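Peer 1: Below you'll find the structure I mean.
The values are calculated or read from the model by the stated rules, or taken from the named source; none is laboratory data. Keep in mind it's a predicted model, so treat the numbers as computed, not measured. Using ideal geometry, Cβ is built from the backbone for each residue, glycine included, and neighbour counts are taken over all protein chains shown.
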Amino acid sequence: MSNSPFVTPAKTTRGLGASKTGTSHHIRQRVSALALIVLVPWFLFSIMSAALGGYADALAWVGSPLNATLLVLTAGAAFYHMRLGMQAVIEDYIGKTGTRAALLILNTFFAAGLFVAVVMSVIRVWAG
Amino acid sequence: MVQLTLPQNSKVQKGKTWPKPQGAKNLREFRIYRYSPEEKGNPRWDTYWVDMDKAGTMILDVLFYIKNTIDPTLAFRRSCREGVCGSCAMNIAGRNTIACTKGFDELPGGVISISPLPHLPVIRDLIPDLTNFYAQHAYVQPFLKTDSPTPEKEWRQSEEDRAQLDGLYECILCASCSTSCPSYWWNGDKYLGPAALLQAYRWLIDSRDEATGERLDDLEDPFKLYRCHTIMNCAQVCPKGLNPAQAIAKIKHMMVERVS
């Protein structure tokens, strides 16, 4: 938007208009948080007991269908929640439109990349 | 990038120390933000010594004492001097509030600093530019909107529905809440801020208003509404004891309700 002193406050406030978005972001952030309330304690408790037994035990842990399912769900919810949260932080602090857009895209790619890495790791264990 | 430090020409420098009133026994030190557009140079902190036995009981009384007996050039807004008009909102001892209802006995010990509401352009001394703040209030269309034929006498409302407006209608638009909100500091041009959103909710929840959907349409935006991260500074500082953060949460709830 223009910074000219001739631009009226009403023009600044109305801006480009309300985008009619944001509610789904709000809902998704809360739903993913709810999922994480259950998944994170399970993950921490479960991974600690598995990791104590060394590499073979860890492989066996991921090899269990229940553990693998919950692990992928945990990663999905956590990285998705992280992406939504980082989006809010970027929108809060980065004012320049171009920089903000670039960071928002990178944020999505980064979260998606982490999730795919977890899925691929689980597949690798399962494929032997 | 968000501006975390003041621009060079807004950095506040050490100012003048005004003489102590003669014969005073109960002195208190006040540091007050001074800025005049006619004078060249940065804003400054001036030091005043106030005779608390003669100054009255409220911070607004201190400002009057200074203006009347020490420095007549000190500029500040005031009108009702009883917490109704919201004109004398400023930052007192690090907290936004209105000077007329802030008593000495509520203040911490030591030097008391008084500055204009934060993160707004300063017109002079303790007077900030509130034009954008008022435009945000106008944006939420703070008046009854109806399409039904106007009743002969008045739009009626049940006692329960009227009670929904308690805690909302009391807002005096002093801007203490909006200017205490970090989200408003960083995105004050796009985020409507707690004061405007509290007023928006006041009309959203009014049983007589028929424009609820349109009102929600005008608010549904990542910046206009969803910049609120429930930091709660607004509720902490409101001199009328209102809770804008709760009103904003209720607007978000209405947004969710209409899509689910």
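Peer 1: Among the residues of segment A:60-96, how many are more than 21 Å from A:V38 (Cα to Cα), within 14 Å of chain B (Cβ to nearest Cβ) and assigned to a helix (DSSP H, G or I)?
Peer 2: So the count comes out to 8.
Peer 1: A further question follows. Considering only residues of segment B:132-175 that are within 14 Å of chain A (Cβ to nearest Cβ), part of a loop (DSSP other than H, G, I, E, B) and of a type in the set (A, V, I, L, M, F, W, C), which is surrounded by the fewest Cβ atoms within 10 Å (Cβ to Cβ)?
Peer 2: For segment B:132-175, the residue satisfying everything is B:V140.
Peer 1: Give segment B:21-39 a look and list any residue that's of a type in the set (D, E, K, R), loosely packed, with under 15 Cβ neighbours inside 10 Å and touching a Phe, Trp or Tyr at 6+ places or on another chain (Cβ under 8 Å), or say none. Even if it seems obvious, please write down each step before you answer.
Peer 2: Taking segment B:21-39 first, the residues of a type in the set (D, E, K, R) are B:25, B:28-29, B:31, B:34, B:38-39.
Going one step further and asking which of them are loosely packed, with under 15 Cβ neighbours inside 10 Å, we end up with B:25, B:29, B:38-39.
If the condition is that a residue be of a type in the set (D, E, K, R), loosely packed, with under 15 Cβ neighbours inside 10 Å and touching a Phe, Trp or Tyr at 6+ places or on another chain (Cβ under 8 Å), then B:E29 is the only one that fits.
Peer 1: Within segment A:103-120, does at least one residue satisfy the condition of being in a helix (DSSP H, G or I), more than 14 Å from every other protein chain (Cβ to nearest Cβ), buried (at least 17 other Cβ atoms within 10 Å of the Cβ) and modelled with pLDDT under 95?
Peer 2: The answer is no, given that none of the residues of segment A:103-120 is in a helix (DSSP H, G or I), more than 14 Å from every other protein chain (Cβ to nearest Cβ), buried (at least 17 other Cβ atoms within 10 Å of the Cβ) and modelled with pLDDT under 95.
Peer 1: Scan segment A:33-41 and tell me whether some residue there is of a type outside the set (A, V, I, L, M, F, W, C), over 23 Å from B:L216 (Cβ atoms) and either more than 7 Å from every other protein chain (Cβ to nearest Cβ) or in contact with a Leu (Cβ under 8 Å, 6 or more places away or on another chain) (or both). Break it down stepwise before answering.
Peer 2: Of segment A:33-41, the ones of a type outside the set (A, V, I, L, M, F, W, C) are A:41.
From the residues that got through so far, the ones that are over 23 Å from B:L216 (Cβ atoms) too are A:41.
Cutting the leftovers down to either more than 7 Å from every other protein chain (Cβ to nearest Cβ) or in contact with a Leu (Cβ under 8 Å, 6 or more places away or on another chain) (or both) gives us A:41.
Yes, segment A:33-41 contains a residue that is of a type outside the set (A, V, I, L, M, F, W, C), over 23 Å from B:L216 (Cβ atoms) and either more than 7 Å from every other protein chain (Cβ to nearest Cβ) or in contact with a Leu (Cβ under 8 Å, 6 or more places away or on another chain) (or both).
Peer 1: Considering each of B:S87, B:S79 in turn, give the residue that is at pLDDT 95 or above, surrounded by fewer than 17 Cβ atoms within 10 Å (Cβ to Cβ) and either acidic (D, E) or more than 22 Å from B:T5 (Cα to Cα) (or both). Reasoning before the result, please.
Peer 2: Numbers: B:S87 fails: surrounded by fewer than 17 Cβ atoms within 10 Å (Cβ to Cβ).
Sole residue among the options that is at pLDDT 95 or above, surrounded by fewer than 17 Cβ atoms within 10 Å (Cβ to Cβ) and either acidic (D, E) or more than 22 Å from B:T5 (Cα to Cα) (or both): B:S79.
Peer 1: Just the residues that are under 19 Å from A:K11 (Cα atoms) and either among the β-branched types (V, I, T) or at pLDDT below 95 (or both), please, taken from segment B:190-218.
Peer 2: Selection gives nothing.
Peer 1: Which of the numbered conditions does B:L197 fail, given that it passes all the others? Conditions: (1) within 30 Å of B:G94 (Cα to Cα); (2) outside any helix (DSSP H, G or I).
Peer 2: (2)
Peer 1: So for segment A:18-31 (the condition being touching a residue at least 24 places away in the same chain (Cβ under 8 Å) and more than 27 Å from B:E257 (Cβ to Cβ)), does at least one residue qualify? Outline the logic, then answer.
Peer 2: Let us first name the residues in segment A:18-31 that are touching a residue at least 24 places away in the same chain (Cβ under 8 Å), namely A:25, A:28-29.
Pick out the ones that are also more than 27 Å from B:E257 (Cβ to Cβ) and you get none.
Among the residues of segment A:18-31, not one is touching a residue at least 24 places away in the same chain (Cβ under 8 Å) and more than 27 Å from B:E257 (Cβ to Cβ), which makes the answer no.
Peer 1: Being β-branched (V, I, T) and touching a helix residue (DSSP H, G or I) at 6+ places or on another chain (Cβ under 6 Å) is the filter here, so list the residues in segment B:1-33 that pass it. Full working, then the answer.
Peer 2: First pass over segment B:1-33, keeping only residues β-branched (V, I, T): B:2, B:5, B:12, B:17, B:32.
The answer is B:V2, and nothing else.
Peer 1: Next up: Could you list, in sequence order, the residues of segment B:200-231 that are within 10 Å of chain A (Cβ to nearest Cβ), surrounded by 23 or more Cβ atoms within 10 Å (Cβ to Cβ) and part of a helix (DSSP H, G or I)?
Peer 2: Listed by number, the list holds a single entry, B:L219.
Peer 1: Has segment A:90-98 got at least one residue that is more than 30 Å from B:R215 (Cβ to Cβ) and at pLDDT 95 or above?
Peer 2: Taking segment A:90-98 and keeping what is more than 30 Å from B:R215 (Cβ to Cβ), we get A:96, A:98.
In the following step, the residues that additionally are at pLDDT 95 or above were identified as A:98.
Scanning segment A:90-98, I find at least one residue that is more than 30 Å from B:R215 (Cβ to Cβ) and at pLDDT 95 or above, so the answer is yes.
Peer 1: Take A:G17 and tell me if it is at pLDDT below 95 and either within 14 Å of another protein chain (Cβ to nearest Cβ) or under 17 Å from the mean Cα position of the chain (by Cα) (or both).
Peer 2: Working: at pLDDT below 95: no; either within 14 Å of another protein chain (Cβ to nearest Cβ) or under 17 Å from the mean Cα position of the chain (by Cα) (or both): yes.
For A:G17, the condition - at pLDDT below 95 and either within 14 Å of another protein chain (Cβ to nearest Cβ) or under 17 Å from the mean Cα position of the chain (by Cα) (or both) - is not met.
Peer 1: Could you give me the residue pairs with C-beta distances under 6 Å whose first residue belongs to segment B:11-37 and is outside the structural domain of B:P121 (by TED's automatic domain parsing) and of a type in the set (D, E, K, R), whose second residue is surrounded by 13 or more Cβ atoms within 10 Å (Cβ to Cβ) and assigned to a strand (DSSP E or B) wherever it lies, and which are 6+ apart or on separate chains?
Peer 2: Going by the 6 Å Cβ cut-off, there are no qualifying pairs.
Peer 1: Sticking with this structure for a sec: Kindly indicate which of A:G53, A:G17, A:G22, A:G63 is surrounded by 11 or more Cβ atoms within 10 Å (Cβ to Cβ) and at positive phi.
Peer 2: On inspection, the qualifying residue turns out to be A:G22.
Peer 1: Next question, about the same structure. So A:R124 passes all but one of these: (1) within 14 Å of chain B (Cβ to nearest Cβ); (2) under 22 Å from A:A56 (Cβ atoms). Which condition number does it fail?
Peer 2: (1)
Peer 1: Does A:I47 qualify as being in a helix (DSSP H, G or I), within 14 Å of chain B (Cβ to nearest Cβ) and of a type in the set (A, V, I, L, M, F, W, C)? Outline the logic, then answer.
Peer 2: Numbers: in a helix (DSSP H, G or I): yes; within 14 Å of chain B (Cβ to nearest Cβ): no; of a type in the set (A, V, I, L, M, F, W, C): yes.
Against the criterion (in a helix (DSSP H, G or I), within 14 Å of chain B (Cβ to nearest Cβ) and of a type in the set (A, V, I, L, M, F, W, C)), A:I47 does not qualify.
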